[in-house]
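Some notes on the structure that comes next.
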Amino acid sequence: MQKKTVLITGSTSGIGLAIARAFAQQGHNLVFNGLEMDGEQIAASVAEEYQIDYLFDPANMLHPAALRTLVEQAENRFGTVDILINNAGIQHVSPIETFPEEKWDAIIGINLTAAFHLTKAVWPAMKKQNFGRIINIASAHGLIASEFKSAYVAAKHGLIGLTKTAALEGATCGITVNAICPGYVKTPLVERQIVDQARSHQISEKDVIEKVILAKQALKQFIPTESIAAMCLFLASESAATLTGASLSIDGGWSAQ
């Protein structure tokens, strides 16, 4: 694949960092984003390792103006954003009757609304050059619900709806839009869930992993971040030029049940 500019939200840890490393290995320009205190150093380290050009911006996904500035800076630096990967996300687990309203707003804002704002921001340049790849990191919870995750399930279902709509609108101007729906990946977000659920259920973390986290996955193992990164590389490639509007499961057989 010819060198492109790739903007990945939440790319200084977890799934996003694995995706960033995969594109860096291919020699692409990278726009890193994340709220980690050492985010700039993480981005610089990846760029140095693979000898690529990069930009880091700690834009908060809840601030639309910051997201527009993020895209503007990327376009000023590299000319255009060719590939947008909406990956940033947060989670909160609670029954509906006690679900904090501020958590609902934050989860919808970061997991769904930010993807809309960024898609809107990169759209004109992608349309002008008649090329764009937008990849939304959704979740198995974008296809299947689980109790106590009302905001996350709603946001990820919504993200798949946004994916389909944008795919239809981009079909005539060289823009493809797809979603990846992973099962459980052992990211910092999931590791915190394991600790919280062990405390709330009063069971061991090992039992949480086996009896709660991976119970619905036919393959009783976490999804490797590298598998998601490899799917992103494929969706960004010319080989996937006619693949759009899809929700691709990498969930260990969860959604097959």
| field | Using θ = phi - 60° and Karplus 6.51 cos²θ - 1.76 cosθ + 1.60, couplings along the stretch 80-93 (whole Hz; Gly, Pro as x) | value | 6, 9, 7, 10, 10, 10, 7, 10, 4, x, 9, 9, 8, 10
| message | Relative to 2.2 N^0.38 Å, what does the C-alpha radius of gyration of the stretch 6-105 come to as a ratio? Two decimals please. | response | 1.18
| note | Whole-Hz Karplus couplings 3J(HN,Hα) for the stretch 55-61, θ = phi - 60° and coefficients 6.51, -1.76, 1.60, Gly and Pro as x, run 9, 10, 9, x, 3, 7, 5
| Any idea what log10 I(q)/I(0) is at q = 0.10, 0.13 Å⁻¹ for the chain, Debye with uniform C-alpha scatterers and no solvent? | -0.46, -0.79
| request: Calculate the radius of gyration of the Cα atoms of the stretch 217-257 to one decimal place, then report Dmax, the largest Cα-Cα distance, as a whole number, both in Å. | output: 12.0, 33
| On full extension of the chain, what length is gained from SER239 through ALA218, given 0.36 nm per residue of separation minus the C-alpha to C-alpha distance? | 4.6 nm
| note | Here FRET efficiency (C-beta to C-beta, GLU169 to GLN202, R₀ 35 Å, nearest 0.05) is 0.10
| Relative packing of 188-197, 145-154, which averages over residues the other C-beta atoms within 10 Å, highest first | 145-154, 188-197
| field | Computed lengthening from SER94 to ASN60, 0.36 nm per intervening residue step minus Cα-Cα distance | value | 9.8 nm
| If you rank SER200, SER13 by fewest surrounding Cβ atoms within 10 Å, what's the result? | SER200, SER13
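Can you put LYS120, LYS128 in order, fewest other beta carbons within 10 Å first?
Taking fewest neighbouring Cβ atoms as first place, the list is LYS128, LYS120.
Order by neighbour count: ILE203, ILE107, fewest other Cβ atoms within 10 Å first, most last.
With the sparsest Cβ surroundings first, the list reads ILE203, ILE107.
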| request: Give the calculated FRET efficiency between ALA145 and GLN26 to the nearest 0.05, with a Förster radius of 35 Å applied to their Cβ-Cβ distance. | output: 0.45
| So which lysines can LYS103 reach, going by Cα to Cα under 23 Å and dropping same-chain residues fewer than 8 places off? | LYS149, LYS156, LYS186
| message | Could you give each residue of the stretch 30-40 its phi-based ³J(HN,Hα) in whole Hz, using Karplus coefficients 6.51, -1.76, 1.60 with θ = phi - 60°, and x for Gly or Pro? | response | 10, 10, 8, 8, x, 9, 4, 4, 9, x, 4
| How would you rank 209-221, 60-72, highest first, on the average number of other Cβ atoms within 10 Å across their residues? | 60-72, 209-221
| request: For SER227 paired with ASN130, estimate the spin-label separation in nm (one decimal), with each label point 7 Å from Cα along the Cα-to-Cβ line. | output: 3.8
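When the helix-only estimate is applied to the chain (DSSP H runs of n ≥ 4, each -39,500 (n - 2.57), divided by the residue count), what is the mean residue ellipticity at 222 nm, nearest 500 deg cm²/dmol?
Counting only the DSSP helices, I get -13500 deg cm²/dmol.
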| field | Residue among ALA47, GLN129, LEU70 farthest towards the positive dipole end of the stretch 22-131, charges placed on Cβ | value | GLN129
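We did not get these values from a lab; they are worked out from the coordinates using the rules stated. What you are looking at is a predicted structure, and each value in this text was computed from that prediction instead of being measured. Virtual Cβ from ideal backbone geometry, glycine too; neighbours counted across all protein chains shown.
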